[in-house]
2 protein chains.
Amino acid sequence: MSTWNIEYLKPEFLTPVPSDIAISRNQPPKNIEKLAEEVGILPDELDLYGRKKAKVSLDVLKRLGDVKNGKYVVVAGITPTPLGEGKSTTTIGLVQALGAHLHKNVFACVRQPSQGPTFGIKGGAAGGGYAQVIPMEEFNLHLTGDIHAITAANNLLAAAIDARMFHEATQADDALFNRLCPKNKQGMRVMSEIQLRRLDRLGIKRVEDAEALDPEQRRRFSRLDIDADTITWNRVIDTNDRFLRGIEIGLGPNEKGHTRKAKFDIAVGSELMAILALTTSLADLRERISKIVIGSDKSGQPVTADDVGVTEALTVLMKDTVRPNLMQTLEGTPVFVHAGPFANIAHGQSSILADKVALKLVGDDGFVVTEAGFGADIGMEKFFNIKCRYSGLHPSAVVLVATVRALKMHGGGPAVTAGTPLKPEYTQENLPLLEGGCDSNLRKQIENANKFGVPVIVSVNQFASDTEAELNLVVKKAREHGAFDAVISNHWAQGGAGATDLAKSLVKATEKPNNFKFLYKLDLSLEEKIATIAREIYGADGIELSDLAKQKIETYTKQGFGQLPICMAKTQLSLSHDPSKKGAPTGFILPIRDVSASVGAGFIFPLVGDMTTMPGLNTRPCFFDITIDPVTEVIDGLF
Amino acid sequence: MSTWNIEYLKPEFLTPVPSDIAISRNQPPKNIEKLAEEVGILPDELDLYGRKKAKVSLDVLKRLGDVKNGKYVVVAGITPTPLGEGKSTTTIGLVQALGAHLHKNVFACVRQPSQGPTFGIKGGAAGGGYAQVIPMEEFNLHLTGDIHAITAANNLLAAAIDARMFHEATQADDALFNRLCPKNKQGMRVMSEIQLRRLDRLGIKRVEDAEALDPEQRRRFSRLDIDADTITWNRVIDTNDRFLRGIEIGLGPNEKGHTRKAKFDIAVGSELMAILALTTSLADLRERISKIVIGSDKSGQPVTADDVGVTEALTVLMKDTVRPNLMQTLEGTPVFVHAGPFANIAHGQSSILADKVALKLVGDDGFVVTEAGFGADIGMEKFFNIKCRYSGLHPSAVVLVATVRALKMHGGGPAVTAGTPLKPEYTQENLPLLEGGCDSNLRKQIENANKFGVPVIVSVNQFASDTEAELNLVVKKAREHGAFDAVISNHWAQGGAGATDLAKSLVKATEKPNNFKFLYKLDLSLEEKIATIAREIYGADGIELSDLAKQKIETYTKQGFGQLPICMAKTQLSLSHDPSKKGAPTGFILPIRDVSASVGAGFIFPLVGDMTTMPGLNTRPCFFDITIDPVTEVIDGLF
């Protein structure tokens, strides 16, 4: 694969750095068709969605099947403050450096943000400063409709579950069977393929005419017999709507008193989003959807989306979502924005498909930089143990983002709270606090990365108030604690030019082969896998399973899901389960409150504490500040 | 405007006529970019969404401002059977005839179908047989995301209402005010523009620093004081989910017992969809959104979307929806698919903007054919009295679709029920029943059209079982009852070639000026307007208002909404309120059960009987038959 002939954009760098939206608006993007051509995407492989975004066909994978993959880099972070430490910004800054400054073929692969929170708290998720995906309005609103398609598919399954329970509850066996398998014009009850698959699972021989089934077979086929108390499939909506966290449904007069407690999650919390992020083709998407477990029947057997009959319908609704969405950075390098599963109850990674397509497009001298949500103890661990396991891709390096601010917090600094001014410890030089953070959290996160056998480069994300002594201390300490290298990076203020040292160091790190390995084998028991992560990555002495967790583990193991990898649902604000414990806590037992399963996506997720799956709106959401000029369509106040 | 140089498609006509999806799939569409160029849309005015659909910029209206509008034709129908009588198919067949056969510049403007029902009962809404919009998968699934954008906007307002009530209920005056108007870095409480507009409405003088407001002013500003029992703004979802027809919300522990009964409607039932269909620009969209009334406060005053603070946020979410979506017919003529408000609680018309853009593109020798949902007593009446009133467009002709089947029903034939075989009266020649239908329902619908001063052409939509004597009888009777002309049309089997007689007759009808007038003046009282429609269009002796309806009329009149036009929510299965009364019933009083308002859209809707706003899934929805080939992406069983 030769080096791309690509026109880099030259944003005007201003001091002080303007607002993100002002920077985005001041730099017109290239026509996306032009960028696609520059990076070797054929016209037939491109579906435009306006002029600034496009979907890329998976045909690329077949066409470039013989091309060697590029280097595969994950950006993770130390345990952050609630303000975030700049992983997205580093990801974008790094690709701007690799591309526009070192002239490497490079793709960034990032997650699509949920639209809901965008209208709650001001701020987009497209990076920041001079390291951004542009145009940020397009990035943050609707994109190409993938989340909307997931919402539609998720809710069709939810509606089908409740409608089916209702019809089963209100119809006698005969009526139910006759409606599910009506006679055709020839007088035969011909089952559809998805109904025949249910026969297979029930161990009933396929029949040409369902009339041949005996009454007991008919009953078993017709009655999913879902135990309403076990349903884990929630409805979703891409809106911060706290009043849907707990609802009762079926109160309409025509539902005849068949009410049920239920809830809505935010759309990106749908298992379908996790599936999209982990799938490897449309056929695989369909396969994973068919395996979704929505709950158990009254005899304790899992009930799947295929049993409900919606596998193909959901695949139809999601068929366009598998193609990654092409956008660009502020300096005109390519970005795939694709999938955005929740990092708290899912694995929080962008899609395998985007990474795979990008790795082929950049070729073996090129780079693909992908971001792992949450702190490295969660995001990086899941990237390796779940995402790389399913993709089969071999990572070349970890970039670990650290900030002086967060490290001071880990060294014992006062609490950092969103919406409150920072204490002087954070705005003035304080080497002792900083050193404490380096020797605890930074050290542990570097050690964690090294456990996977992949070189780690610490990127010190420079803030205006950081002193030279502080920045240099982090670099020195990171190297001492086992990082391949540590580099100060100032992409927020300088774009790719501010991250060229980081980029050069990364190139070096990826030049030699590494010894990537998973942390645990899948054939360990679920409990052993959870305990391994808790001990090795979090520094716990062990785990303590609640009775509920024990029972769920037993059920999932019995149902045949014991071989799945683990997706921990834990706070990212501490290596432990307690957000107030900073640094690198030791001497604690990790409590597992509950355990759930996303069988379609392919993981078991233990719940460490309560995880919110539906954000709310505060008293003064940012929508009060939003304006749109109806002539120019310029939006203000949203980001 | 000169005649377009357009490549017409030549579908292969087979006998017997294959399934709709087979016909659609056998005819590859032109690249939509090519069609856009053919009909005079500039590249800068086009945003592609893949290769088969595109959005067209409203800049066309400005660029072609001096071009005289084309002829404006509405397709309506007699009172239908539950099976439908082919308005969409006639609309598409007619433009295929006008375009591909008479070589006129012509656009069809049709509604976007709701995606929800698509997965319940098999069948698309893109016409049928050889008169279709293609490709039908694209037409029926997602399109360009307009309905998804409406869903997001609708639900943001809903979430904001409940969150606001919660915050008002749980915070003291001071805390609430201070959060709504926080101090900026300079220590000033600067209100945003949308907050200043609320001051205007409260009659409080605008202030630079909200600190200047006295406690009573602060309280009035901060407390919307919504009366929960009056809230008419429901959440929506584009899924047939009957269990959301009646729900209780706020049952989560963090909502502290602030529960409330609520409901979901199907997405196209959102007032925002009606607004999209009636708006004339992005600025007008924003204006209409600001006026949406979501309920009343405890003193009986209307509370608006602007009071809640979401006007601009909703406009941002919907900004792309105002651009009409370009697709094509089976014979390669252009179609706008744009907006699809419910015909039962809203006005059931495609968008004013699509019609306006199309009327400029076709030029003064050209034609725009638009479809009115439901029977003519509802659809046509609303087209004239609501849509044309807001657009200012002057209609040139009405095409009234009639079928032998429906006319026999009106003449006293047995009941026609979906899913049950037709009785012999409908499959064998029966002139007496047919004549009875012609002399009742057909006569009345023709007379109704003539009341608006616009020529009406009856299109007899030919079915395979119709005899020549039957078809000729309808033509003869229609002319006797005052139609400008009546023509037999066979577009379903023959495409545009089957509708050329209809098209020629239409051209003649539109050649002479007409005397279009509204049925009622807006300055009549709400009750008088309702009674006028009931008497003049339905043939009622008068109306009877329930106590609730009387009280609502009084409230809306007091609130200043008495000057709005009327959007009747009535069954389309009879000219009366009773679906079993066929023909042209007389001697009845129309009962008005309730009255509601869509102030943003701009109409009052009286409820005649119960209107379902959320469909359900039956025991065996069509999703059991759906398949998708993961390699070719060919979908079966959906349509």
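Among the residues of segment A:129-153, those identified as among the polar types (S, T, N, Q) and either touching a Lys or Arg at 6+ places or on another chain (Cβ under 7 Å) or outside any helix (DSSP H, G or I) (or both) are A:Gln132, A:Thr144.
The rows are residues; the columns are (1) at pLDDT 95 or above; (2) facing chain A (nearest Cβ under 9 Å).
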residue	(1), (2)
B:Lys122	no, no
B:Ala125	no, no
B:Gly128	no, no
B:Ala152	yes, yes
B:Arg164	yes, yes
B:Ala169	yes, no
B:Ala172	yes, no
B:Asn184	no, no
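Note on segment B:242-261: residues that are without any contact (Cβ under 8 Å) to a residue 60 or more places away in the chain and either outside any helix (DSSP H, G or I) or among the charged types (D, E, K, R) (or both) total 8. Exactly one residue out of B:Asn450, B:Asn441 is surrounded by fewer than 23 Cβ atoms within 10 Å (Cβ to Cβ), within 26 Å of the chain's Cα centre (by Cα) and in the same structural domain as B:Ser88 (by TED's automatic domain parsing), and it is B:Asn450. Among the residues of segment A:248-274, the one identified as of a type in the set (Ser, Thr, Tyr) and under 20 Å from A:Phe166 (Cα atoms) is A:Thr259. Considering the conditions (1) free of Cβ contacts under 8 Å to residues at least 24 places away in the same chain; (2) charged (D, E, K, R); (3) more than 11 Å from chain A (Cβ to nearest Cβ); (4) within 29 Å of A:Val631 (Cβ to Cβ), B:Asp214 is excluded by exactly one of them, (4). Taken together, the criteria exclude B:Asp200 from residues that are more than 30 Å from B:Thr370 (Cα to Cα) and within 12 Å of chain A (Cβ to nearest Cβ).
If the condition is being within 11 Å of chain A (Cβ to nearest Cβ), among the polar types (S, T, N, Q) and within 21 Å of the chain's Cα centre (by Cα), then segment B:285-339 contributes B:Thr315, B:Thr321.
When A:Ser465 is tested against (1) at pLDDT below 95; (2) closer than 21 Å to A:Pro395 by Cα, exactly one condition is not met: (2). Candidates in segment A:140-179 are the residues that are of a type in the set (Val, Ile, Thr) and farther than 18 Å from A:Arg323 by Cα; of these, the one that is surrounded by the most Cβ atoms within 10 Å (Cβ to Cβ) is A:Ile161. Does B:Asp320 satisfy the criteria of being more than 20 Å from B:Leu64 (Cα to Cα), in a helix (DSSP H, G or I) and of a type in the set (D, E, K, R)? When the stated conditions are applied, B:Asp320 passes them.
Listed by first and then second residue, the pairs with beta-carbon distance under 8 Å, at least 6 apart or on different chains, first residue in segment A:345-362 and more than 12 Å from A:Ala277 (Cα to Cα), second crowded, with 24+ Cβ neighbours inside 10 Å and among the β-branched types (Val, Ile, Thr), are A:Val357/A:Val56; A:Ala358/A:Val368; A:Leu359/A:Val368; A:Val362/A:Val106; A:Val362/A:Val368.
Against the test of being within 20 Å of the chain's Cα centre (by Cα) and within 22 Å of A:Lys360 (Cα to Cα), the options A:Val56, A:Val60 yield a single qualifying residue, A:Val56. Within segment B:590-639, being touching a residue at least 60 places away in the same chain (Cβ under 8 Å), aromatic (Phe, Trp, Tyr) and within 24 Å of A:Ala160 (Cβ to Cβ) holds for B:Phe623, B:Phe639. For segment A:356-375, the criterion of being over 18 Å from A:Leu61 (Cα atoms) and either more than 16 Å from the chain's Cα centre (by Cα) or acidic (Asp, Glu) (or both) is met by at least one residue.
One residue stands out in segment A:344-366 among those that are part of a helix (DSSP H, G or I) and of a type in the set (A, V, I, L, M, F, W, C): the one that is farthest from A:Thr280 (Cα to Cα), namely A:Val362.
Rundown of residues vs (1) within 24 Å of B:Leu156 (Cα to Cα); (2) at pLDDT below 95; (3) at the interface with chain B (Cβ under 7 Å from one of its Cβ atoms), yes/no style:
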| residue | (1), (2), (3) |
| --- | --- |
| A:Phe243 | yes, no, yes |
| A:Ile247 | yes, no, yes |
| A:Gly252 | yes, no, yes |
| A:Thr259 | no, no, no |
| A:Lys263 | yes, no, no |
| A:Ser270 | yes, no, no |
| A:Ala283 | no, no, yes |
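One residue stands out in segment B:272-281 among those that are more than 8 Å from chain A (Cβ to nearest Cβ) and outside any helix (DSSP H, G or I): the one that is farthest from B:His347 (Cα to Cα), namely B:Thr280.
On the stretch given as segment B:56-98, residues that are of a type outside the set (Val, Ile, Thr) and crowded, with 24+ Cβ neighbours inside 10 Å total 13. A:Lys205 falls short on exactly one of the conditions (1) within 7 Å of another protein chain (Cβ to nearest Cβ); (2) out of contact with any Ser or Thr (no Cβ under 7 Å at 6 or more places or on another chain); (3) free of Cβ contacts under 8 Å to residues at least 40 places away in the same chain, and that condition is (1).
Among the residues making up segment A:109-153, a single one is closer than 21 Å to A:Gly50 by Cβ and basic (Lys, Arg): A:Arg111. Within segment B:119-133, being on the phi < 0 side of the Ramachandran plot and out of contact with any Gly (no Cβ under 9 Å at 6 or more places or on another chain) holds for B:Phe119, B:Ile121, B:Gly124, B:Ala126.
Is it the case, given these coordinates, that B:Glu216 is closer than 25 Å to B:Lys10 by Cα, in a helix (DSSP H, G or I) and of a type outside the set (A, V, I, L, M)? Against the criterion (closer than 25 Å to B:Lys10 by Cα, in a helix (DSSP H, G or I) and of a type outside the set (A, V, I, L, M)), B:Glu216 does not qualify. Out of the residues in segment A:159-198 that are over 29 Å from B:Gly116 (Cβ atoms) and in a helix (DSSP H, G or I), which is nearest to the chain's Cα centre (by Cα)? Out of the qualifying residues, it is A:Asp173.
Just the residues that are crowded, with 21+ Cβ neighbours inside 10 Å and either within 12 Å of another protein chain (Cβ to nearest Cβ) or in a helix (DSSP H, G or I) (or both), please, taken from segment A:226-241. Residues satisfying the conditions are A:Arg235, A:Val236, A:Ile237, A:Asp238, A:Thr239, A:Asn240, A:Asp241.
The values are calculated or read from the model by the stated rules, or taken from the named source; none is laboratory data. Keep in mind it's a predicted model, so treat the numbers as computed, not measured. Note: ideal-geometry Cβ built from the backbone for every residue, glycine included; neighbour counts use all protein chains shown.
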